[in-house]
Amino acid sequence: MNSFVYRDGYLFAEEVSLATIADRFGTPCYVYSRSMIEDRWHAFDEAFGARDHRLCYSVKANSNLAVLNVLSRLGSGFGIVSGGELERVLRAGGDASRVVFSGVGKSDAEMRQGLQAGIDCFNIESADELSRLNDIAADTGVQAPIALRINPDIDPNTHPYISTGLKQNKFGIPIEIAGDLYARAQSMPNITINGVACHIGSQLTEMAPFVDTLDRLLMLVDALRGNGVELKNLDLGGGLGIPYRDEQPPTPQDYVATLMDKLDKSSSKELRIIIEPGRALVGEAGLLLTRVEYVKHGEIKNFAVMDAGVNDFIRPALYDAWHEILPVSKRGKGATHTYDVVGPVCESSDFLGRERELSVAKGDVLAIKCAGAYGACMTSRYNTRPLAVEVMVDKDKTHLIRRRETIDEMLATESILPG
């Protein structure tokens, strides 16, 4: 379902006008639809039917406490990549025993934090990390549950910045040496082998890379079992994309059905399947509201200068990402022109969209779609600009889930030299 629709010329989020939200909370403003997040989670969950599985939402996609709380109420697990994300999950009501911890640079403190919280699994990304975790678990007096995150050297056919499953990427353990490292893990007194994990990238829009990855993982699982390594989980990561423009990614139902069909034909069909969707759960469920400050016409380019910039929404500048940009009100619009939609930040890379056909005037509010993932969580205070406000819409109710910070709050942790 799509909760962002026009009614009588005005764009709504569920039952609330986005124009009303912009006037009440100001702009820039991220707006999320609770029903879209919940519907998307249920679509993945129900696609598994009675099969043993766990959805672990990828926290890095959108880590707002309210978003995490909505998912924790559904019974979601969580995929984290830092100790800070673990703390967010716990404060949002998440269950530590349903948390998997990935990331190539886990610190001693983060390992201790995860062990003390009782997380389900550490996804190990190097031999050194495995040895360190064993030592810290011994010092803590507990067993550390682990899976090795496998790098299968598969091209996910996505942007190179969000590819994680090729040999040139920093992530995971080469599949060729995984058997030896599992054997080493078996000999470590404070390590308990939990399963096998893999994640090859983000914004994948076809099934072939997922299927190829599963084929290689199942071969590895068979080899490990032949060597006496018992497993209970197969963590297939996340990465399913969303339609930003003209992409046609698989539905959650098709994604799950394709993978389960492959698994059912293997000797490992009894394994519990873990998936870690992030973008696919929240990406389409959020948008960014921004107001026109100036309209600037030139010989070569026309610019709509907005109050949101690259510090508020970095995806277009970082990934050359395309996001649909819509007027919050279609009423009383004149002729359209081609505009670059840009921000106020002092960088030439500060753009939200290029060459868009729009009818805009000072004060108009525009909505940048599919901003629910890797939007607010990647914001910065560059140019000493306060972080954007965030709002969650639940039917006809609007909840402020992050207020706009003040300049005093931004500067509170800094100090000048004495004397």
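Any read-out appearing in this document is the output of simple, stated calculations on the displayed coordinates, not a laboratory observation. Since the structure is predicted, the reported quantities are computational estimates derived from the model, not experimental observations. Cβ placement follows ideal geometry from the backbone for every residue including glycine, while neighbour counts extend to all protein chains displayed.
Summary of packing: across the peptides 410-416, 71-77, the per-residue average of other C-beta atoms within 10 Å ranks them, highest first, as 71-77, 410-416. Computed from Cα positions, the angle between helix 127-140 and the longest principal axis of the chain comes to roughly 80 degrees. Relative contact order, percent, of the range 48-281 when contacts are C-alpha pairs under 8 Å separated by at least 6 residues? So the answer I get is 20 percent. Let a ≥ b ≥ c be the square roots of the eigenvalues of the Cα gyration tensor of the range 343-414; is it rounded (a/c under 1.5), or, if not, prolate (a/b larger than b/c) or oblate? It comes out oblate by the Cα gyration axes.
Tell me, what is the FRET efficiency for Thr338 and Asp261 to the nearest 0.05, using R0 = 41 angstrom and their Cβ-Cβ distance as r?
Numbers: r = 46 Å, r/R0 = 1.13.
So the FRET efficiency works out to roughly 0.30.
Given Cα pairs under 8 Å that are at least 6 residues apart, what percent is the relative contact order of the range 307-419? Write down the numbers at each step before the final one.
Numbers: 162 pairs, mean separation 29.7, N = 113.
In percent, rounded to a whole number, it is 26.
State whether the range 79-156 is rounded, prolate or oblate according to the following rule on the C-alpha gyration tensor (a ≥ b ≥ c being the square roots of its eigenvalues): a/c under 1.5 gives rounded; otherwise a/b larger than b/c gives prolate, and the remaining case gives oblate. Provide the component values of the computation, followed by the final result.
Working: a/c = 1.97, a/b = 1.17, b/c = 1.69.
Oblate is the answer for the range 79-156, as a/c is 1.5 or above yet b/c matches or exceeds a/b.
When the Cα gyration tensor is reduced to axis lengths a ≥ b ≥ c, the ratio a/c is 1.5 or higher for the range 1-74, and with a/b not above b/c it is classed as oblate. Close amide H pairs (under 5 Å, H built 1.01 Å from N) link Ile173 with Arg149, Ile150, Asn151, residues at least 5 positions away or on another chain. With axes computed from alpha carbons, what is the tilt in degrees of helix 108-117 against the longest principal axis of the chain, rounded to the nearest 10 within 0 to 90? With both axes taken from Cα atoms, the answer is about 80 degrees.
Pulled fully out, how much extra length does the chain show between Cys346 and Ala183, if you take 0.36 nm times their separation in residues and subtract their Cα-Cα distance?
Values: separation 163, 0.36 × 163 = 58.68 nm, distance 5.36 nm.
Stretched fully, the Cys346-Ala183 segment lengthens by 53.3 nm.
Note: relative contact order over the chain, using C-alpha pairs below 8 Å and six or more positions apart, is 20 percent. The label-point distance for Lys269 and Met219, in a model that sets each label 7 Å from Cα toward Cβ, rounds to 2.2 nm.
With 0.36 nm allotted per residue and the present C-alpha distance subtracted, the Asn383-Ile407 stretch has 7.5 nm of extension available. Under a 5 Å amide H cut-off, with hydrogens placed 1.01 Å from N, Ser63 pairs with Cys377 among residues at least 5 apart or on other chains.
Distance from the alpha carbon centroid of the range 191-242 to that of the range 1-80 works out to 27 angstrom. Packing around the peptides 295-308, 27-40, taken as the average count of other Cβ atoms within 10 Å per residue, puts them in this order, highest first: 27-40, 295-308.
With springs only between Cα atoms under 10 Å apart, run a GNM on the chain and tell me which of Tyr182, Tyr382, Tyr255 wobbles the most. Of Tyr182, Tyr382, Tyr255, the most mobile in the Gaussian network model is Tyr382.
Under a Gaussian network description of the chain, with springs only between Cα atoms under 10 Å, the residue in Gly141, Gly286, Gly309 that fluctuates furthest is Gly141.
The order of His199, His323, going from fewest to most other C-beta atoms within 10 Å of their C-beta, is His323, His199. For Ala144, the amide hydrogen comes within under 5 Å of the amide hydrogens of Ile191, Thr192, counting only partners 5 or more places away or on other chains and with H modelled in the peptide plane. When the Gaussian network model of the chain links Cα atoms closer than 10 Å, the mean-square fluctuations of Cys377, Cys346, Cys121 top out at Cys346.
Taking the C-alpha atoms only, the angle from helix 34-47 to the longest principal axis of the chain is near 30 degrees. Here the extension length gained between Arg132 and Asp246 equals 36.5 nm, from 0.36 nm per residue of separation less the Cα-Cα distance.
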